[in-house]
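Read through the structure below, which is laid out as structure tokens, and then see the notes.
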Number of protein chains: 2
Amino acid sequence: MARAATTSDVFNAVAEPRRREILTLLVVGELEVGAIVTALRLDQPSVSKHLRVLRETGLVHMRRNGRHKLYRTNAPALQPVHEWVSTFERYWSNQLSRIKERAEAKMKQSRETGTSEKES
Amino acid sequence: MARAATTSDVFNAVAEPRRREILTLLVVGELEVGAIVTALRLDQPSVSKHLRVLRETGLVHMRRNGRHKLYRTNAPALQPVHEWVSTFERYWSNQLSRIKERAEAKMKQSRETGTSEKES
DNA sequence: AAAATATATTCCTATATCGGCATGTGTCAA
DNA sequence: TTGACACATGCCGATATAGGAATATATTTT
């Protein structure tokens, strides 16, 4: 086997930098393919291919408007990724909150004692 | 070109299901390679290769203990992924709050103008 | 209907896997 | 030093890309 198919796995679909750019672009609002092409300076076939992957993974929605096709990001499809990564959040956010706690404790102490210098 | 190298991009490294399993396993605490092999029922060379990718992307740390090697997940390396995905969070978690906002805006308008019908 | 416009698809090539198998490397024990 | 044990790496084959160029499909306009 080679790598997993991008068309079936959101993680793989999102692994592509250009596709991430497209999603970022289309989350603000609908855009037609041509607009994406000019915005990201990619070849039109390349954009169409990426859009296909994003479509098949449910990461974008499309609606037709005359001979244009309007794409927009379907954010909820990213939830699995978000949930998975969030599992690990506590393993680094605690470091930050620990710093915050120390800082707040220090401020509180300053308020109480009147000191204002940094003591280790 | 083919796909981007898994060894240089965290997104690609994490796109592999087995590697995600390994990260989930190693975030709880250190494990030696053999333990990963038995826990995930993979071949040892396969595990070693995945660990190499995870190592080179900074997703795991390793320390030697005798002839064993102890690996653990380096959660902060996942922050870029988390930050990127979080950008889209408001586009689904706000579906509820958006309804709330609309309702509140409508109420506010009603209070101000006395109207009560929905106008776009 | 024919031309023009907007997208999508196909074909091709180079590359990067992933798994399986064999082998190499490093460390501890006898 | 010679084994034994724990991992890592190399080689192979099959597959899935991503980009570029050319072509096909769909829709509007003339």
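The values are calculated or read from the model by the stated rules, or taken from the named source; none is laboratory data. A quick note: this is a predicted structure, and the numbers were derived from the prediction, not measured. Cβ coordinates were reconstructed from backbone atoms using ideal geometry, including for glycine residues, and neighbour counts include every protein chain displayed. These accessible areas exclude ligands, DNA and RNA; they are computed on the full protein's heavy atoms, side chains included. Shrake-Rupley method; radii C 1.70, N 1.55, O 1.52, S 1.80 Å.
Annotations for the structure displayed:
- In segment A:79-91, the residues that are at the interface with another protein chain (Cβ under 7 Å from one of its Cβ atoms) and free of Cβ contacts under 8 Å to residues at least 24 places away in the same chain reach residues that are of a type in the set (Val, Ile, Thr) and buried (at least 20 other Cβ atoms within 10 Å of the Cβ) with C-beta atoms within less than 6 angstrom, at least six apart or across chains, in these pairs: A:His82/B:Val85; A:Val85/B:Val81.
- Given (1) among the basic types (Lys, Arg); (2) in contact (Cβ under 8 Å) with a residue 24 or more places away in the chain; (3) open to solvent by 30 Å² or more (accessible area, probe 1.4 Å), number of the condition B:Lys49 does not satisfy: (2)
- Some residue of segment A:28-47 being touching a strand residue (DSSP E or B) at 6+ places or on another chain (Cβ under 7 Å) and away from DNA strand C (no atom under 11 Å from the Cβ): yes
- Which listed residue, of B:Asn74, B:Asn94, is modelled with pLDDT under 95 and either away from DNA strand C (no atom under 15 Å from the Cβ) or more than 22 Å from the chain's Cα centre (by Cα) (or both): B:Asn94
- Selection status of B:Glu56, in contact with a strand residue (DSSP E or B) (Cβ under 7 Å, 6 or more places away or on another chain), among the acidic types (Asp, Glu) and more than 10 Å from every other protein chain (Cβ to nearest Cβ): no
- Qualifying residue in segment A:63-76 (condition: within 16 Å of B:Ser86 (Cβ to Cβ) and either touching a residue at least 12 places away in the same chain (Cβ under 8 Å) or touching a Leu at 6+ places or on another chain (Cβ under 9 Å) (or both)): yes
- Selected residue [at pLDDT 95 or above and loosely packed, with under 15 Cβ neighbours inside 10 Å] from A:Ala2, A:Ala13, A:Ala39: A:Ala39
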